[in-house]
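Have a look at the structure below, then the notes.
Derivation of every value follows stated rules applied to the coordinates shown; laboratory data play no part. Quick caveat: nothing in here was measured; it's all calculated off a predicted structure. Cβ sites come from the backbone with ideal geometry, for glycine too, and all protein chains shown count toward neighbours.
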Amino acid sequence: MSNIQFTNNSTVRNYDIIAFGDEVPGILALVCAAREHFRRTSKYPRSLLLFKGKSQLGIGGHLVRGGLSYLDRSVVPADIRKQYGLDIYGDESAIYKEFLKRTGVVQVGLDPKKGDFVLREMLKEVRADILSNADIQSVLKQGQKITGIRLTNNETYMAKIFIDSTVNAELAQFAGVKKLRGFETFGLPDSELSVTLTFETEGLSVQALKDIEMNYMQRLANLNDTEAQNWIKIAAGGDSDRISQLSEPFINNKNDLSKIALYAGSDFIDVRSFALSIAYHAFRGTALSLDQSGAVLDKGNVAVFPNHRMSWNALLFDVNAEQAETLSREDAKPTAAMLKEMQLMSQWFQSLGATSVKPAPELYIRHAGNIIDVNDPLTGAEMLKGGVPVSEALGTFGYHFDIRGGIEGLGTRASEKGLGNILFFKLPAPLFNVGMQHTLLKNVPNLAVISPASGFEGYASSAGRIVEFNCAVGQAVGIAAITAMLSNRNLNQISNKEVREILVSTGKLSKIYGQANPKQEEITRLNNFETALAA
């Protein structure tokens, strides 16, 4: 619990550590910090979770209020799994493993209600305070260090160390940290990844969805079905090349459509064809194109829960960098236009047999720029090289360079630079050792930014935005925060090696198995690509 002072009609509360933003990596960083403090002193620190959203809608950022129930998991090749004796998703950081276990995730399906419950439980165990609806008015500093956060309600919260887990590095921005807009690291300051409004359906079983999709696929594969062929024309926006592109998978696989049918796992569905998307866009009378329509039903990642409940990460909206920043600052609330699209989506799903379709209260914002002036920025090429050396590794993570919805202008800019329209996200997923120096600020020595807005450059933010990766980073930053505090040093002076030694001595270091991409020319090519586009 904090101690409280009253000055000039304002309340001042004092803490040791404040986490601003309630994204899961930030919460788990705070939990790890408190546990490390207890391990060393037998006392919990005074800690506070401070965030903008409404806690009555749940705590846990885009996984909870944003309803992102389908968790992106680490991608580990089969030969590496065999070599290191790993499970299908490798060996997660200890804190993330605990979170998955406590929330009852089977493979990828996180129930937001369970997520909210478990995060509150973990915070309660370490006696952390929680304050929501918190809007920053200003940041107090002494020299380069942050000393406190003043809110718009005239309350001030002081601390020694601060963690920012917001998608737009909002606390860091208020503290004077420079943030690049959009994909300015590629010279594209106005371009940004799409945002998603996730939604839950009830009343549709996995089998019913399979049957609906198969019926659509059979019709789309039948050139004599004029109605279905017209659906493709609408979804293609009348473009003949796009018509061929959308038709091909169905015609090529018409004798065995199961090859492209949705895949149902234990608690998830991967939609592999555009059949449902084409049918929806025909119903809407819009093109299956973010550029043309501003909203698309993409191939869905679906989390499956008992009693025919499904959570869909599929409805994408086109935004530019300014819109992504504005949405982030406005509590990630969907716009009126987005809610109108969702109403139509709801109608369509109900026509398929859904009894209920509910949008999440907040958007899933994938990315909103990146901070600069960190201890050691992280690039896509460094991920392909295998990340930090084994002697510094705090965990291992693998993921595709996934730029869902695309980065507008990337191909054009690459061509202008004489690089051709190279789509690097088709490269094998990097499998890299995790460090934390890309989160620590050179010029604000007691702040870490653990989020998609960390010090990523080039393609790194596409893999670096994933929660599982950031939880491994958060575990390390939490330990580093207490190490700094108890040794009277700055957070940005704590090395990966020092944290690694603590993880080893406490039995918390997960297995380390990062691999350099065997094709050196691919690393060089990506490095040249990222360097040239940044210039």
Ordering of 273-286, 37-50, 205-218 by burial proxy (mean other Cβ atoms within 10 Å per residue, highest first) | 273-286, 37-50, 205-218
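Using the Cα centre as the reference, give the magnitude of the dipole from point charges on the C-beta atoms of the chain (Lys, Arg: +1; Asp, Glu: -1; all else neutral), rounded to the nearest 20 debye. It would help to have the intermediate numbers written out before the result.
On the way: 56 positive and 57 negative charges, 289 e Å.
The calculated dipole for the chain is roughly 1380 debye.
Might you report the magnitude of the Cβ-based charge dipole of region 195-365 about its Cα centre, with Lys and Arg at +1 and Asp and Glu at -1, to the nearest 20 debye? Walk me through the numbers before you get to the answer.
Working: 14 positive and 21 negative charges, 80 e Å.
Dipole size: approximately 380 debye.
Could you order the peptides 192-199, 441-448 from most to least packed, using the average number of other C-beta atoms within 10 Å per residue? Don't jump to the answer; show the numbers that get you there.
On the way: 192-199: 25.9, 441-448: 22.9.
Output ranking for 192-199, 441-448: 192-199, 441-448.
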Could you pull the Rg and Dmax for region 219-275, using just the Cα atoms, both in Å?
-> 12.5, 39
Which of the lysines could a cross-linker span from Lys442 if the Cα-Cα distance has to be under 24 Å and same-chain partners fewer than 8 positions apart are dropped?
-> Lys141, Lys145, Lys160, Lys178, Lys179, Lys497
Quick one: which residues, 5 or more positions from Leu288 or on another chain, have an amide H under 5 Å from its amide H? H modelled 1.01 Å from N in the peptide plane, none for Pro or chain starts.
-> Ala236, Gly237
Number of Lys pairs in region 195-365 closer than 24 Å at Cα, excluding neighbours under 8 places apart unless interchain, is 16
FRET efficiency for Gln137 and Lys333 from the Cβ-Cβ distance with R0 = 25 Å, rounded to 0.05, comes out at 0.80
Degrees between helix 467-486 axis and first principal axis of the chain (Cα, 0 to 90, nearest 10) | 0 degrees
Compute the separation of the alpha-carbon centres of region 449-464 and region 62-102 and state it in Å as a whole number.
-> 19 Å
The answer for Glu408, listing residues at least 5 apart or on another chain whose modeled amide H is closer than 5 Å to its amide H, is Glu192
Sort region 332-387 into rounded, prolate or oblate with this rule: let a ≥ b ≥ c be the square roots of the eigenvalues of the Cα gyration tensor; rounded if a/c is under 1.5, and if a/c is not under 1.5, prolate when a/b is larger than b/c, oblate otherwise.
-> prolate
Rounded to the nearest Å, the spacing of the alpha-carbon centers of region 118-171 and region 20-56 is 10 Å
Which entry in (1) 3, 13, 17, 14, 13, 14, 12, 8, 4, 1, 0, 0; (2) 4, 18, 28, 27, 15, 6, 1, 0; (3) 4, 16, 20, 18, 15, 11, 9, 6, 2, 0 is this structure's computed P(r) over Cα pairs in 10 Å bins from 0, in percent?
-> (2)
Phi-based couplings in Hz for region 52-62 (Karplus 6.51, -1.76, 1.60; Gly and Pro marked x) = 7, x, 8, 5, 5, 8, x, 10, x, x, 6
Spatially proximal aspartates and glutamates relative to Lys54 (Cα-Cα < 14 Å; intrachain offsets below 8 disregarded) = Asp22, Glu23, Asp116, Asp135, Glu330, Asp331, Glu362
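Counting DSSP beta bridges in the chain, what percent are antiparallel, to the nearest 5? Provide the component values of the computation, followed by the final result.
Working: 50 of 70 bridges.
Beta bridges within the chain, antiparallel portion: roughly 70 percent.
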Please list the non-local residues whose amide H lies under 5 Å from the amide H of Gly369, H modeled 1.01 Å from N, same-chain partners needing a gap of 5 or more.
-> Gly182
Ascending count of other beta-carbon atoms within 10 Å, so fewest first, for Ile269, Ile161 = Ile269, Ile161
Degrees, to the nearest 10: 112-125 long Cα axis against longest axis of the chain | 10 degrees
Angle between the chain longest axis and helix 520-534 axis [Cα atoms, degrees, rounded to 10] | 80 degrees
For region 228-263 and region 315-362, what is the separation of their C-alpha centers, rounded to whole Å?
-> 26 Å
